[in-house]
1. In a Gaussian network model over the chain where Cα atoms closer than 10 Å are linked, find which of 82, 165, 191 has the largest mean-square fluctuation.
2. From the backbone phi of region 141-154, what are the Karplus-calculated ³J(HN,Hα) couplings (6.51 cos²θ - 1.76 cosθ + 1.60, θ = phi - 60°) in whole Hz, Gly and Pro given as x?
3. Can you pull the percent of Cα pairs in the chain with separation above 31 Å?
4. So who's got an amide H within less than 5 Å of the one on residue 117, skipping anything under 5 residues away but keeping other chains? H placed 1.01 Å off N, in plane.
5. Once R0 is set to 22 Å, what does the formula 1/(1 + (r/R0)^6) return for the Cβ-Cβ distance between residue 218 and residue 173, expressed as a FRET efficiency to the nearest 0.05?
6. Treat region 23-62 as a sphere of radius equal to its Kirkwood radius over Cα pairs and apply Stokes-Einstein at 37 °C in a medium of 0.692 mPa s; give the translational diffusion coefficient in µm²/s, rounded to a whole number.
7. At a 10 angstrom cut-off on C-beta neighbours, averaged per residue, how do the peptides 166-173, 104-111, 177-184 rank from highest to lowest?
8. Using a 10 angstrom cutoff on alpha carbons, build the Gaussian network for the chain and name the most mobile of 133, 124, 163.
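Throughout, read-outs are computed from the coordinates displayed, never taken from laboratory work. Please read all numbers here as calculations on a predicted model, not as lab measurements. When we count neighbours, we look across all protein chains shown, and the Cβ atoms used for this are built from the backbone with ideal geometry, even at glycine.
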Amino acid sequence: MPNTKGKKSKRGSKRGAPKGHKGTTRKQNIDRHEVIDADNCPRCGSDNIEDEKVLKRVVEEIPEPVIPETVENEIHKKVCLDCGHHFIPKHNTVTLKGKFGINVMILVIFIKFFLRGVLRKTAKFLRTGFALKLTPASVNAIVGRVAGAACREYNELKERIRKSDIVYVDETSFSVLGNNQWVWIFRTIHDILLVVRPSRGSPVLKEILGLDYEGSIEQTQRQKSGWKNMKR
């Protein structure tokens, strides 16, 4: 079969894909089978009916709006009697602050930032689609709580990278609303930190690694020059 990918039909030719083009029909795996049938005529009530035709349709659908549930969780905070370590079981996924769970918070962040939803519309979508009653102020509080958790994780990740013996550094540019920005990647054996900054110079290295970093930095020759300038 000829490769017709990327080819355009000639002017004046019939509409549709070029001859020999391989289709890209969506593959569907059936999860369940439903029979839609009737025993009586809806017009006269008679049961003297028969199949005129059986229509087969395979469709992908989402469930009807999910009703949120309120769960009371009993979280056992433990203490080790041998070393005195205090901890919460690792498999716990319940937030320790606020009244909303992880799934609700993830959904709010997705709508707010990936779909660029304003607070009022985000709250309306959650109420309409999930029967979850939130005010715009509650949506904003969830965003702030997630930001706080992410900030703590970011600082912990940065500290681990600063303590690493070897850090691999790279950066690349991209445009944000017409302004040039730089994506920096700091990678160790166990961690990866990605930051976006308006600079490709030594201030970024200083911010992430600190002035007293004594490990080895694997980077391009230009980046090595920036590191030397920062050390001065």
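1. Per the Cα network of the chain with a 10 Å cutoff, 82 tops the list.
2. 3J(HN,Hα) across region 141-154, in whole Hz: 5, 5, 4, x, 5, 5, 4, x, 5, 5, 5, 5, 5, 4.
3. Details: 16567 of 26796 pairs.
Cα-Cα pairs in the chain separated by more than 31 Å: 62 percent.
4. 112
5. So, using R0 = 22 Å, E works out to roughly 0.60.
6. 243
7. 104-111, 166-173, 177-184
8. Ranking 133, 124, 163 by mean-square fluctuation puts 163 first.
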